[in-house]
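Before any comments, here is the structure.
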Amino acid sequence: MAILVDRETRVIIQGITGREGRVRARLMKDYGTQVVAGVTPGRGGEEVYGIPVFDSVVEALETRGPAEISVIFVPATLVKEAALEALAAGLKMCVLIPDRVPIYDLLEILEVATAKGAICLGPNTLGMVSPGQALLGMIGGRAERAREWFQPGQVGVCSRSGGMTSAISYYLTKAGLGQSSIVHVGGDAVVGLGLPEIAQYFQEDPQTEVIALFGEIGTTQEERVASLIQQGKVTKPVVAYLGGKAAKAGTRFSHAGAIIEGGRGSYESKRDSLEKAGVRVVDSIFDFPRVVGELLTKKK
């Protein structure tokens, strides 16, 4: 089944006439995503790769029919306005692509989304893909590459690193291990759907049999995944790799969300929590295919 998006999901793109919006609209459409409309104020009546553009989200939905997800490609300072417009129009998921979204803007977006029973992926995310069905954002770069690198299967991939999201999925595919869905949760300290939430989605997905997780220092996302496992809320096998082993307290590592403060968010605390919960923590991303393959064979 995959999670969050499939071939039936109807999608709009806000900021479709910008440089990134145009390029990624082509990627998403070429991959097979049902992109029904684009939105850029003042550009209504135009088309981008055959996708009609409207001045507002409401106008797009009134003309093209309902949609479930908005993928947002606007400057960071305009993300709040775009997301709140989509949520007010009744969309149930926003994918916030830009980085450097002001934290108070994000907190307001998430508060409104929660009140409306909606969800947000990102910010600072490459997006996600349900292989063979639909792609949101910029993951994979080109449709041909995305089709080659990501294949349908039984492994749910979730990651805090955009590059590692693609790399892990690529190595799994090369080993003949397809993916149910692949999700980059975003690299910021505060995100909408984090690793714990995605793990729970995979837990409920009948297609997913094993979860492959890339974590890193900073925040408590990985510890919260471990807590879900210990509570019995996630029972499917989890294989994890953690970045930032050599980083010291007070050091930033890669992303805005990767900073250690004392013992919280450290490599040691994360690994200890995951291993105590029964997670197979590997020492290299190249170990994913072997360990995931072993777990799938064991389940069969």
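Conditions first: (1) in a strand (DSSP E or B); (2) of a type in the set (A, V, I, L, M); (3) more than 11 Å from the chain's Cα centre (by Cα). Residue 199 passes all but one, so which condition is the exception?
It is condition (1) that residue 199 fails.
Among the numbered criteria (1) touching a Leu at 6+ places or on another chain (Cβ under 8 Å); (2) among the aromatic types (Phe, Trp, Tyr); (3) crowded, with 22+ Cβ neighbours inside 10 Å, which single criterion is violated by residue 201?
(3)
Regarding residue 72, is this residue crowded, with 19+ Cβ neighbours inside 10 Å and not basic (Lys, Arg)?
Numbers: crowded, with 19+ Cβ neighbours inside 10 Å: yes; not basic (Lys, Arg): yes.
It is true that residue 72 is crowded, with 19+ Cβ neighbours inside 10 Å and not basic (Lys, Arg).
Is it true that some residue in the range 161-168 is assigned to a loop (DSSP other than H, G, I, E, B), under 27 Å from residue 230 (Cβ atoms), touching a residue at least 40 places away in the same chain (Cβ under 8 Å) and in contact with a strand residue (DSSP E or B) (Cβ under 7 Å, 6 or more places away or on another chain)? Explain how you work it out, then say what you get.
To start, the set of residues in the range 161-168 that are assigned to a loop (DSSP other than H, G, I, E, B) comprises 161.
Next, from what is left, pick out any that are under 27 Å from residue 230 (Cβ atoms): 161.
Cutting the leftovers down to touching a residue at least 40 places away in the same chain (Cβ under 8 Å) gives us 161.
Retained after the next criterion (residues that are in contact with a strand residue (DSSP E or B) (Cβ under 7 Å, 6 or more places away or on another chain)): 161.
Yes: one or more hits.
So which pairs qualify, if the first residue must be in the range 195-208 and of a type in the set (D, E, K, R), the second must be surrounded by fewer than 20 Cβ atoms within 10 Å (Cβ to Cβ), the Cβ gap must be under 6 Å, and the two must be at least 6 apart or on different chains?
205/1
Here, each number is a calculation from the coordinates, and none is a lab measurement. Source: prediction; values computed, not measured. Virtual Cβ from ideal backbone geometry, glycine too; neighbours counted across all protein chains shown.
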